[in-house]
Amino acid sequence: MKRTFSATAPPSLLRFVWKHRALYLMLVPGVAYLLVFKFFPLLGSAIAFKDYNIYKGFWDSDWVGTKYFVQFFTYPQFTRLLRNTLVISLYQLLFSLPAPLILAVLLNELRNVAFKRSVQTVLYLPHFLSWVIIGGLGYMLLSPQTGLVNQWITQTGGSPIHFLQEPGYFRPIIVLSSIWKDMGWNAIIFLAALAGISPSLYEAAKIDGAGRWNQFKHITLPGLLPVIMLILLLKIGHVLDLGFEQINMFLNPITYETGDVLDTYSYREGILRGKYSLPTAIGLFKGVVGFILLIVANRASKATTGQGIF
């Protein structure tokens, strides 16, 4: 007999949602977080086109069009800010991405479970330290008077080096500190991906006489490729976002030449000088550039490797 429903019966979609209401309730905190902290703040991007005055408020501030974009692009140090941001981002892509991959492969080769867990715990700990603590550790290590590194240099007959005051050392310090802090934590993703590779592939490779290098090249690396491309694409989307805390902890006026980036300039103009419209314009510029780079990189990745995030 044909089944019929009354005119007051809810649509099938509503019935489906009600049936799985417990799962949808679990989504509420995450959706609320995205709406409150990610989507609603996008409305504030209109400040970039206003001469925002904290006393007048958002609605009563005067519209000025692209005034602050022009001011930013014609800023005498615009080239320096953009160059420093891109160079440090490139260094982090070249060195910070392979480091956790190599660490994960090495950890995966350990057969002593107790030793492996101990090493993992030690390597994960720096991730939970704030950049304030890491900045203090960096000063203790690199100080020309009391730093351990300079003490070793003087004991070997050399002269103390002012690492934190030399522009040439700023970028290596940033990249190395970033690797040390997040290498162990980021390796978790690659360890999970390694666990998904079938052991039978390695057994077959050993029977065929493949060594460790050939196993890595023909089994491990292809198995990790989807994860590598995912992380790479996400990093490309944030190529202009270096993280204000890390840069600011090591930055000083002497190292502005190689270390002053868009985030630190926005902090000085927005927080210290109260020019809220200019940092908003810079943030909007960074978002647009990151979105374009992500689209281009995703299409290039799908065309070459078949892997993409959308």
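Only the coordinates and a few stated rules stand behind these numbers; no lab work does. These figures come from a predicted structure and were not determined experimentally. We place every Cβ from the backbone using ideal geometry, glycine too, and count neighbours over all the protein chains shown.
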Candidate lysines for bridging to K67, where Cα separation is under 27 Å - those fewer than 8 sequence places away on the same chain excluded: K38, K50, K56, K275, K286
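Percent of alpha carbon pairs in the range 1-114 separated by more than 16 Å?
82 percent
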Per the chain, sqrt(5λ) over the Cα gyration tensor eigenvalues, sorted largest first, in Å, gives 39, 37, 19
By the Cα gyration tensor axes a ≥ b ≥ c (a/c under 1.5 gives rounded; else a/b larger than b/c gives prolate, otherwise oblate), the shape of the range 173-253 is prolate
How big is the convex hull of the Cα atoms of the range 68-111, per residue, in Å³? 58 Å³
Just subtract the alpha-carbon distance of S159 and V28 from 0.36 nm times their residue separation and send over the number in nm, one decimal. 41.2 nm
What's the exposure ranking of M140, M249, M26, M183, going from fewest to most Cβ atoms within 10 Å? M26, M140, M249, M183
How would you classify the range 88-133 from its alpha-carbon gyration tensor, with a ≥ b ≥ c the square roots of the eigenvalues: rounded for a/c under 1.5, else prolate if a/b is greater than b/c, otherwise oblate? oblate
Students often get this wrong, so check it: of K181/K302; K181/K217; K116/K217; K181/K235; K181/K206; K116/K302, which have C-alpha atoms separated by over 26 Å? K181/K302; K181/K217; K181/K206; K116/K302
Electrostatic dipole magnitude of the chain [Cβ: Lys, Arg +1; Asp, Glu -1; Cα centre; debye, to 20]: 1220 debye
Structure-based [θ]222 nm, the chain - -39500 (n - 2.57) summed over DSSP H runs of at least 4, per residue, nearest 500: -19500 deg cm²/dmol
Each label sits 7 Å from Cα toward the beta-carbon; between Q71 and L221 the label points are separated, in nm, by 5.0 nm
